[in-house]
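Comments concern the structure below.
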Amino acid sequence: MTYTLVILNAKLSDGRMLNIGCAGTRIQAMTTGPLKGDMVIDAGGRWVAPGIIDVHTHIRDMELSQKEDWVSASAAAARGGITTVCDMPNTRPATFDAEGLRAKWRAAARSTVNYGINFGVTEYNHDEMEKVTGINAFKIFMAESSAGYVVEAMDVIRRVMEIARRRNIPLMVHSELQSCVEAHHQRYAMTMSNHHLLRHRECAIRATERLLYLQKETGAPLYIAHVSTAEEIELIARAKQAGQKVWCEVTPHHLFLDHGVAEKAGHYAKVNPPLREKHHSHALQQAVADGVVDTIGTDHAPHTLEEKARPYPEAPSGFPGLETSLGLMLQMYHQGQIDKTRLEQMMCTAPARIFNMKDRGILREGAYADIIIVDEERPWRVDPAAFFTKARYSPFKDMLLKGQVITTIVNGQPVWHDNRLRPTKGMPLEYH
């Protein structure tokens, strides 16, 4: 048989050396034997892994296309080894009803990588939640963060969790209490150096306590996004030990940066939840190593340079992350904190499993051919001016990293190879 694409000398995370044959969009053969292909890529013994799945991205587009669109974001994702992205609902128009969802699907059809959509929750759209289909997750913002819909009332969250449990759709939550944030705004000056105090860790801890209490009561599948404190990690670890159906995500920026970076990066480092004290980053890294953390999400949140240059209260929170996430996470591998199997678990396998994605996030015969080839020793420097995203800034600017994607294959098509982007059409996700 002649395959449409063959990858030779692929070294898997468990150390096996295999050849991989793809027919159309699927992996059809994984063998030590010879394979013939219309296109052949020799991995040369480099690490070959499933494509990364990032369930936490803000693609913008539509009325916010000056910040980012699906073409630029998916190009950035492909370059970073991310073969699937899931977009957040706080776009314009927002994804809180059927009309907004249709608009999002139309925009996402231009993506080079695969895509899913997270459906936003308000106090008033529970009927929409009952009817919507084909989504990745429900999403609640418990505090304002470039979103116009805040939900923190326990009775509302309880009802939302009951719907999520009944429909077996994960509930993803931005866990900070808006009322707590507003209280701290009365205590501290509105400056970038106080951002971690204005959105105090207490606000995240109290929100997570509330969520875990309600999850225990309802049994809903709960996914807590971008956990940023040591205390939350302890709460989540105890909930898991008690058998609660809860997962948590951390971001590379909460793992590797602390609030002191604002002295150099200024508003480029403004993000919600905020960067915190160093001991929180250390606790998150330990939770990654210990297996408490389930996934890595970028929280890719692009804005224009002009917006980020505004005074602190008006400067929006967020920065790009699609092109740096794997390079950053590989630093934990190089430091001996985790192995490549654990890295694959968090960035590929677990997101597909948690969100019930069909045939994604794994290298096996019959799965979709979403594959990356990584030169884990290649050094490179973070240069935002060379990003594919429209948001050409980063708090990681000039950081020297080791490990870079050299080939990204989406549904059997090489879309990033030989330092060239070869755009194709990504596919909408299917779910069990």
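Of the options N125, A230, A107, report the single residue whose Cα projects farthest towards the positive end of the charge dipole of the chain (beta-carbon charges: Lys, Arg +1; Asp, Glu -1). Final value for the positive-end residue is A107. In a simple Cβ point-charge model (Lys, Arg +1; Asp, Glu -1; nothing else charged), region 52-354 has a dipole of about 420 debye relative to its Cα centre. Cross-link partners of K390 among aspartates and glutamates, defined as those whose alpha carbon lies under 19 angstrom from its own and excluding same-chain residues fewer than eight positions apart: D54, D61, E63, E68, D69, D87, D299, E306, E307, E323, D398.
Of all the Cα-Cα pairs you can form in the chain, what percent are over 36 Å apart? Percentage above 36 Å: 21. Treating r as the C-beta distance of H282 and A23 and R0 as 56 Å, the FRET efficiency rounds to 0.75. Modelled this way, with points 7 Å down the Cα-to-C-beta line, the labels at R392 and R102 are 3.8 nm from one another. Note on region 52-354: lysine pairs with Cα distance below 17 Å, sequence gap of 8 or more or different chains, count 13. Near A283, once Lys and Arg are set to +1 and Asp and Glu to -1 for all other residues with Cβ below 11 Å from its Cβ, the sum equals -3. What does a probe at R158 reach in region 186-225, counting residues whose amide N is under 20 Å from the point 7 Å along Cα→Cβ? In region 186-225, the label zone of R158 (backbone N under 20 Å from the point 7 Å along Cα→Cβ) covers 206-223. Angle check, please: helix 154-167 long axis (alpha carbons) against the longest principal axis of the chain (alpha carbons), in degrees 0 to 90, nearest 10. It works out to around 30 degrees.
Distance distribution P(r), region 80-178, all Cα-Cα pairs, bin width 5 angstrom from 0: 2, 13, 25, 24, 19, 11, 5, 1, 0 percent.
Cysteine residues of the chain whose C-beta has no other cysteine C-beta under 4.7 angstrom: C22, C86, C248, C348.
Among beta bridges from DSSP that stay inside the chain, the antiparallel ones total about 50%. Just how far, in whole angstrom, is region 272-320 from region 34-105 if you go by their alpha carbon centroids? Using only Cα atoms to place each centre, the spacing works out to 19 Å. For the chain, the longest principal axis of the C-alpha atoms and the axis of helix 325-334 are separated by about 80°.
Each label point was placed 7 Å from the Cα along the Cα-to-Cβ direction; for T191 and R381 their separation is 3.1 nm.
Which of M332, P351, I372 sits closest to the plus end of the dipole of region 331-395, meaning its Cα is farthest towards the positive end, when Lys and Arg get +1 and Asp and Glu get -1 on the C-beta? Working it through, the farthest residue towards the positive pole turns out to be P351. For region 1-90, the antiparallel share of DSSP beta bridges with both residues in that region comes to about 50%.
Each value in this text was obtained by applying a stated rule to the coordinates, not by laboratory testing. Treat the numbers as computed from the prediction; the structure is a model and nothing was measured. For neighbour counting, all protein chains shown are included, and Cβ atoms are generated from backbone atoms with ideal geometry for every residue, glycine included.
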